[in-house]
Amino acid sequence: MASSEAKQWKEAAKSEMDSIVSNRTWVIIDLPPGCNTIGCKWIFKKKLKPDGSVDKFKIRLVAKDFEKKDGVDYFDTYSPIARLTTIRVLIALASMYNLPIHQMDVKTTFLYGELEEETYMDDSDL
């Protein structure tokens, strides 16, 4: 990496890989006969402070799920997040009953989901 920010990007990539390993996101295996693989790619993002300076460098390794074939590699899709209506109801109830509201951010939230079907990712882009 020949960027003036190479050190920060490498640290962000290490943090992402550490999260993937600690969450046991994948297991390296030989591809079973007749199975398809999907690729992956790195997404780079700078999180900025209100003044425009860089707060942190963030890298995510994402699977190219668009390469999967419906009815072959998967049968259903959904995202396990709360609907806006649900959040509004919770806020309304907290207001009615004078309850405190707390917010949190799970750094690697989508690494905790469980897939119903086996997914095989080609590691050549790592």
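Read the figures in this text as sums done on the coordinates, not as results from a lab. Computed from a predicted model, the values in this text were never measured in an experiment. Positions of Cβ are generated from backbone atoms using ideal geometry, with glycine treated the same way; all protein chains shown enter the neighbour counts.
Here is how the numbers come out for the structure above:
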quantity	calculated
Sparsely packed trypsin sites (Lys or Arg not before Pro) within the stretch 19-65, loop by DSSP, other Cβ within 10 Å at most 15	Arg24, Lys64
Calculated Rg and Dmax of the stretch 1-66 using C-alpha coordinates, Å	15.5, 53
